[in-house]
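Have a look at the structure below before the remarks.
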Amino acid sequence: MNPYALSMLMSSLAMGTIITLSSSHWFLAWMGLEINTLAIIPLMTKMHHPRATESATKYFLTQATASALLLFSAAMNAWVTGEWTIMNMNSYTPTTILTIALAIKLGIAPFHLWLPDVLQGLDMMTCLILSTWQKLAPMALLILTNYQLNANLLTLMALASAIIGGWGALNQTQMRKIMAYSSIAHLGWMTLVVSFAPGLALLNLTIYLMMTSSMFMMLMTLNATNMNKLSISWLKTPTLAASMMAGLLSLGGLPPLSGFLPKWLILQEMTKHHLGVLSTVMALSALLSLFFYLRLSYMISMTSPPNISNANLTWRKKNNPSLINPILVVLSTMLMPITPMLLM
């Protein structure tokens, strides 16, 4: 892609998110989300492949539907209350429509079906943007309006997301689809706690962004798009394979890695609100996710491909040293010691 066009699209992505984050008026927030959507579609179609075009079309249709619902809920609320401010959503119907609109934007179950298909048709860099940066604006609106939204509906969607995110990835072999279901499961945890402790949802989002970014960057370095390619990754870059194994276990939420921190704090918050059954179901759904992360870790670290050719082992890759990936790996695996500071 032309560097000038790329810089313009990336600037538009940043501007759309910043407009939504800094707005207090529904129309401005909607405008930021629209700029975000329109800026990423050319990035999706830059591969000139039928799958990429299909992904861009699916993404555009779902996001347009969500934006229309969001604007409709804001207009209905303005009709009832006479105000367009984000912090003044008091009517039942507009808040329910808004909850559904934000769920479609984020890919929370049962409105999750577009996310795995869209990610599967894109290159890794666009997948990274879609799984991280594109979640910021809708998540900010969800956190801003948390006390006005339908808490029962949010809890049901969170439970469905955690279960579907774990269940859906069990029979997947494509890394992009696995990361999509991982995103759905993590969004379920954020949605669950957003009504009770928005600060915890923000912490979970931050750790999720770090873990997902490091995972996608490692997949880009290894050029691995499916599980078979992961099994030869230790031949190419042993250090990166070990880092990826730690990153996957962190995504699964194993202690003492960073991914365990938000799950532990969220379950603690749920039990404080006497939601023991809900906490148990969420913890069991985390085991589903942990199974496929463990399977990937096993493939990276303990399997070797059958070598039937006369060629020598794969050459070690000489990567250009970049500080971003090691920093993200460290942050996504070693944040547990800051727990006492967070609890303060």
Could you compute the net charge surrounding SER73? Neighbours are other residues with a C-beta less than 14 Å from the C-beta of SER73; K and R count +1, D and E count -1. 0
Not counting ligands, DNA or RNA, and with a 1.4 Å probe, what is PHE27's accessible surface area in Å² rounded to the nearest 10? 100 Å²
So for each of 9-20, 242-253 I average, over its residues, the number of other beta carbons within 10 Å; can you give me the resulting order with the highest mean first? 242-253, 9-20
Between 0 and 90 degrees, rounded to the nearest ten: what's the tilt of helix 276-302 against the longest Cα principal axis of the chain? 30 degrees
nm² value of the averaged projected area, convex hull over the Cα atoms of region 3-343: 18.0 nm²
By how many nm would the segment from LEU342 to PHE291 grow when fully extended, if each residue of separation counts as 0.36 nm and the alpha-carbon distance is taken off? 15.5 nm
Order these peptides, 49-57, 103-111, by their mean beta-carbon neighbour count within 10 angstrom, highest first. 103-111, 49-57
Per DSSP helix of 4 or more residues, -39500 (n - 2.57); summed, then divided by the residues of the chain. What does that give at 222 nm, rounded to the nearest 500? -24000 deg cm²/dmol
Can you tell me the order of 259-266, 231-238 when each peptide is scored by its average per-residue count of other Cβ atoms within 10 angstrom, highest first? 259-266, 231-238
Under 5 Å from the placed amide H of ASN226, counting only residues 5+ away or on other chains, we find MET175
Roughly how many nanometres apart are two label points built 7 Å out from the Cα toward the Cβ at LEU323 and ALA78? 4.6 nm
Stretched out fully, how many nm does the piece from ASN171 to THR303 gain, at 0.36 nm a residue minus the Cα gap? 45.7 nm
Pair LEU6, ASN223: separation of 7 Å Cα→Cβ label points (nm): 1.7 nm
Zero-based 10 Å bins, Cα pair distances in region 199-309, whole percents: 14, 40, 27, 14, 4, 1, 0
With a 1.4 Å probe and all protein chains in place, put GLU269, GLU83 in order of accessible area, largest first. GLU83, GLU269
Angle check, please: helix 151-168 long axis (alpha carbons) against the longest principal axis of the chain (alpha carbons), in degrees 0 to 90, nearest 10. 20 degrees
Crossing angle, helix 324-333 versus the chain [Cα axis fit, 0-90 degrees, rounded to tens]: 70 degrees
For the pairs LYS135/LYS236; LYS105/LYS177; LYS58/LYS229, note any where the Cα-Cα span goes beyond 26 Å. LYS135/LYS236; LYS58/LYS229
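The values are calculated or read from the model by the stated rules, or taken from the named source; none is laboratory data. If you're wondering where the values come from, they're calculated on a predicted model, not measured in any experiment. For neighbour counting, all protein chains shown are included, and Cβ atoms are generated from backbone atoms with ideal geometry for every residue, glycine included. Keep in mind that these areas ignore ligands, DNA and RNA; they rest on the heavy atoms of the full protein, side chains included. Shrake-Rupley method; radii C 1.70, N 1.55, O 1.52, S 1.80 Å.
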